[in-house]
Amino acid sequence: MRVIGHQRVLRSASAAFRLKLVAACLLCTAVARAEAPIEIGNSRQLFIDQRFIQSSENVTLTSNPAQKLGPIFMSETNPFVRHPIFVGNVFEDGGKFKMYYGDINPAGQSLAYAESTDALHWTRPPLGVIKINGQFDSNVIMGDQDGVEACRAVVFRDDHETRSPRRYKLFVNVLHSPSKPEGDGVYGYDSEDGIHFQRVRRVLPLFNDNPSLVQWDPSIGKYVVYVRAIVLNADNQRQVARIVTDDPMQPWPYNTNAPDARGFVSPGHVEVVLKADDKLDPASDIYYCNATLYPWAQDVYLMFPTPFRHFDCQRQRWFRFDKFEKGGDFGLLETQLATSRDGIRWERHGQLPYFPMGLANEWDRWNSTMGHGLIRHGNYVYQYYISTGRTHDGGLLRAEHDQAIPLQNGIGIVRQRLDGFVSADVDNHGGWLLTPSVVFSGKRLRLNIDTGAMGTAFVEIRDAAGKPVPGFTLAEAQETAGNYLDETVYWDRGNDLSALAGKPVRLYFKLKRSKLYAFQFTNE
């Protein structure tokens, strides 16, 4: 019996050992999977989050504001009344830049067109589509017509379209008065030239109380639509939602079993991806989102949300509610920055203004909404925003501001350094960051970086285990100093990294008073 008991003990110990061994193997497998190198090829990589910061010291991710360059269009009365009220989209097309924007003019709340060769100076060519007052040829593409909110239409150039020459697509809200459930909703139009559009069909039988932002997302091989979802009877009523579809000109998928929200898109119908922080300011929501894929880097999505802080007769007792629109929803709006790797989970970077609000005697005070689209020209990315110089629904804060400026709408320009939205910053005390393992193609390492005159950057290349690669150590690294969008990194032996291509490596950046925006491996 004693021997049998001993054998049982041995079998029990052996089984316990096997379980521990299996557990250890599973743990190692999980760690290996977690530490699998990131395949980056020769794509540009941005420091918009912690993806490329495995460990660091004295490094801060910093949201960088855009620079305002002034207005391009303002309200005017000659040769006819024009009031720009919305920027629908901008993009490069055939060697020129195109802008579709909302405009109030004698044709009503219209969709208008402008073009530019330098992203700074814009013209409004006559299009031969709509005449103003029966005599002036205009830049208007679509005027008021039977509930169509042409001023908030968004034109999308679908480069993925291969079945039809009609690659320009327009999406617009239709809301009849009184409401017609059988006819209200979002409609799709298409065009061969981007000027003459024909209606195709209703794509959403719900009213999207905001522009519908449609774009092709190559990372998932589908079209993505960002819309506004309304929560009735709530302070945080406007939220950002996302729809995914195989064809934007066919009916968009949504939850048809969701409770009715008076005909509006609601969180029950679609997936909400961003809403205001109830704890930060419960009397606010996201008025507009302007979410877009950043096409010049890998896995970068940008959003320029417009948070709206609502006024209330109890909280803002001083505001002259009875002077302006009866039942108006008054309050202040600003443009901020959010970033994402998938277009679903968003980081808001301190919820700081993306560009400063205008002063009380400037045209863009109190209210700004960023238009959709990015234009890359030279060293910069250009964007366009609208302001009315008033609160939402046309209010003015105090009587002393009533005559401070002429009351007029305008479209303004901001510019951002290429890739410059967020940077990994180190102050004059110095610091470092180490990336996770990456696998690249190419033979040169290039940086988008600004050290100014007094800062420096050195790069060491390490193998997957963290050991410095001979020839590319810190001791052999040559400094990078200055302000560059695309600067080659050098070591004493040169800059040819082709022997390391296809192998897992880590990048160790030793920085002093530097802003590191992006890195990229290239063949040149």
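Residues that are within 23 Å of the chain's Cα centre (by Cα), part of a loop (DSSP other than H, G, I, E, B) and free of Cβ contacts under 8 Å to residues at least 60 places away in the same chain: does the stretch 378-392 have at least one?
The answer is yes, given that some residue of the stretch 378-392 is within 23 Å of the chain's Cα centre (by Cα), part of a loop (DSSP other than H, G, I, E, B) and free of Cβ contacts under 8 Å to residues at least 60 places away in the same chain.
Can you tell which of Asp425, Asp419, Asp364 is in contact with a strand residue (DSSP E or B) (Cβ under 6 Å, 6 or more places away or on another chain), part of a strand (DSSP E or B) and among the acidic types (Asp, Glu)?
Only one candidate passes the filter, namely Asp425.
On the given criteria, is Gly412 assigned to a strand (DSSP E or B) and touching a Phe, Trp or Tyr at 6+ places or on another chain (Cβ under 6 Å)?
It is true that Gly412 is assigned to a strand (DSSP E or B) and touching a Phe, Trp or Tyr at 6+ places or on another chain (Cβ under 6 Å).
All but one of (1) modelled with pLDDT under 95; (2) surrounded by fewer than 16 Cβ atoms within 10 Å (Cβ to Cβ); (3) under 14 Å from the mean Cα position of the chain (by Cα) hold for Asp312, so report the exception by its number.
All conditions are met except number (3).
Being surrounded by 22 or more Cβ atoms within 10 Å (Cβ to Cβ) and within 17 Å of Arg309 (Cβ to Cβ) is the filter here; which residues of the stretch 339-363 pass it?
Tyr354 - this is the single residue of the stretch 339-363 that is surrounded by 22 or more Cβ atoms within 10 Å (Cβ to Cβ) and within 17 Å of Arg309 (Cβ to Cβ).
Quick one: count up the residues across the stretch 105-141 that are in a strand (DSSP E or B) and modelled with pLDDT under 95.
7
Across the stretch 242-269, which residue is surrounded by the most Cβ atoms within 10 Å (Cβ to Cβ) among those that are among the aromatic types (Phe, Trp, Tyr) and in a loop (DSSP other than H, G, I, E, B)?
Looking at the filtered set, the residue picked out is Trp252.
Residue check: is Lys98 assigned to a strand (DSSP E or B), surrounded by fewer than 19 Cβ atoms within 10 Å (Cβ to Cβ) and out of contact with any Cys (no Cβ under 8 Å at 6 or more places or on another chain)?
So Lys98 does not fit the description; no.
Any idea how many residues of the stretch 417-445 are of a type in the set (Gly, Ala, Ser), on the phi > 0 side of the Ramachandran plot and surrounded by 22 or more Cβ atoms within 10 Å (Cβ to Cβ)?
Residues that pass the stated criteria total 0.
Which of the strands (runs of 3 or more DSSP E) found entirely inside the stretch 154-236 contain at least 2 residues meeting this: among the basic types (Lys, Arg) and touching a strand residue (DSSP E or B) at 6+ places or on another chain (Cβ under 6 Å)?
Counting at least 2 such residues, we get 198-204, 222-230.
Starting from residues that are in a strand (DSSP E or B) and polar (S, T, N, Q), keep the ones in the stretch 432-464 and report whichever is farthest from Glu479 (Cα to Cα).
Looking at the filtered set, the residue picked out is Asn448.
Condition (residue is part of a strand (DSSP E or B) and either in contact (Cβ under 8 Å) with a residue 60 or more places away in the chain or closer than 27 Å to Asp49 by Cβ (or both)) applied to the stretch 398-405: is it met by at least one residue?
No, that holds for no residue.
Give just the number: which of (1) over 30 Å from Ala399 (Cα atoms); (2) under 24 Å from the mean Cα position of the chain (by Cα) does Tyr287 not satisfy?
(1)
In the stretch 270-300, what residues are crowded, with 23+ Cβ neighbours inside 10 Å and among the acidic types (Asp, Glu)?
Asp285
Looking at the structure I just gave you, is Ala36 out of contact with any strand residue (DSSP E or B) (no Cβ under 8 Å at 6 or more places or on another chain), at pLDDT below 95 and outside any helix (DSSP H, G or I)?
Against the criterion (out of contact with any strand residue (DSSP E or B) (no Cβ under 8 Å at 6 or more places or on another chain), at pLDDT below 95 and outside any helix (DSSP H, G or I)), Ala36 qualifies.
The values are calculated or read from the model by the stated rules, or taken from the named source; none is laboratory data. Quick caveat: nothing in here was measured; it's all calculated off a predicted structure. Here Cβ is always computed from backbone atoms with ideal geometry, including for glycine, and neighbour counts include all displayed protein chains.
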